[in-house]
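Inspection log for the structure reproduced underneath, given as structure tokens.
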Amino acid sequence: MSEHPTSDHTEVPLHRLEDDEFYNGSTVEVMSVPAGTTLWRFVELDPHYDVSTFNPNISPHHEHPTGTELGQQGRFDPLDHAHSGYVYCSPTLGGAVAEGILRAKKIPAGRIIPAVQVDGRALVRWQLHVDLDVAALHDPHLRKIGLTSSIHSCTRRDYGWSRRVVHAILSRNPNLHGLAYPCRNDTHSTALLLVQRPGGPLIEPGAYSFVDMRAPVRDASLRYDIARTLVVNARVVLGQPNPEDEGKRPGRAHRCHHPWISAQPRGDLVDESSRDLEKLAPDEA
């Protein structure tokens with residue numbers, strides 16, 4: 001698994017005059033993410049980047065994306081290299097499921113999604129090692145800064161706009177290390193965008209684990225927690241895997257850099273996630 005490619009781009013000024021039309025400069029609501037918080041994220045099974053680091057690459061900015069451009073940028077991707085790196089994650093398993101499994105997915109009328117939506121992914125868990133402050137993009141805080149819930153619920157066609165808004169907010173608030181916002185497919189769960197700041201305390205996310213969700217190494221109790229989260233948070237049922245298909249999937253060694261899967265009782269995960277959410281955003285739980 002290779003690391004993110006390094007960039008030779010020089011740092012650019014954080015604040016640009018053209019940013020002012022996207023953010024009115026009012027004080028943003030701040031949410032504290034304490035050290036020790038568990039951060040979750042689903043990634044592809046064979047990522048071409050190091051999941052223990054931040055992404056230093058800047059995706060192309062398309063103001064009005066169409067066609068293949070729609071998949072070339074994230075909702076809040078930084079616009080330049082002033083933020084050394086960034087990563088999307090969640091302080092709860094439910095948020096990771098909403099962003100990593102349900103995001104951009106059309107939920108069938110029967111509200112059942114195939115098992116491969118989980119089995120075809122890997123789950124990363126970090127332990128945050130520093131305290132961080134982030135901008136809270138939740139209602140009613142948004143109204144104070146001239147925004148609406150469209151900032152976190154718009155489609156990919158408006159990502160050019162949402163990127164500009166968040167760049168403006170972070171450039172005018174250099175003390176903040178990212179933002180928190182409701183997941184589009186589960187507004188009761190919180191997602192995070194974390195950014196590195198030049199000279200800031202956040203060098204890497206912290207100790208992490210990488211779990212391949214494919215059979216036969218899949219952790220059954222972890223899968224149960226994910227399935228339960230889908231039902232409770234999104235009213236979506238996870239289909240059962242087909243045992244006949246499991247042997248056809250290409251095998252790979254189970255990579256787990258820290259033995260938390262076998263060492264931590266799995267029944268506590270959903271409750272732990274709920275406690276983290278209450279601690280981070282008591283008004284949004």
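Nothing in this text is a laboratory measurement; each read-out follows from the coordinates by a stated rule. A quick note: this is a predicted structure, and the numbers were derived from the prediction, not measured. Cβ sites come from the backbone with ideal geometry, for glycine too, and all protein chains shown count toward neighbours.
For this structure, a couple of remarks:
- Taking a point 7 Å out from the Cα of Thr27 in the direction of its Cβ, the residues of segment 145-183 whose backbone N falls within less than 18 Å of it are 145-147, 169-170, 172-177.
- Remark: segment 93-185 carries a charge dipole of roughly 400 debye about the Cα centre, counting +1 on each Lys and Arg Cβ and -1 on each Asp and Glu Cβ.
- Karplus-derived 3J(HN,Hα), 6.51/-1.76/1.60, for each residue of segment 87-101, Hz, glycine and proline x: 7, 9, 7, 8, x, 9, 5, x, x, 5, 5, 4, 7, x, 10
- Residue order, fewest to most surrounding Cβ atoms within 10 angstrom, among His141, His167, His64: His64, His141, His167
- Computed over neighbours whose Cβ is under 9 Å from that of Ile58, the net charge equals -2, Lys and Arg +1, Asp and Glu -1.
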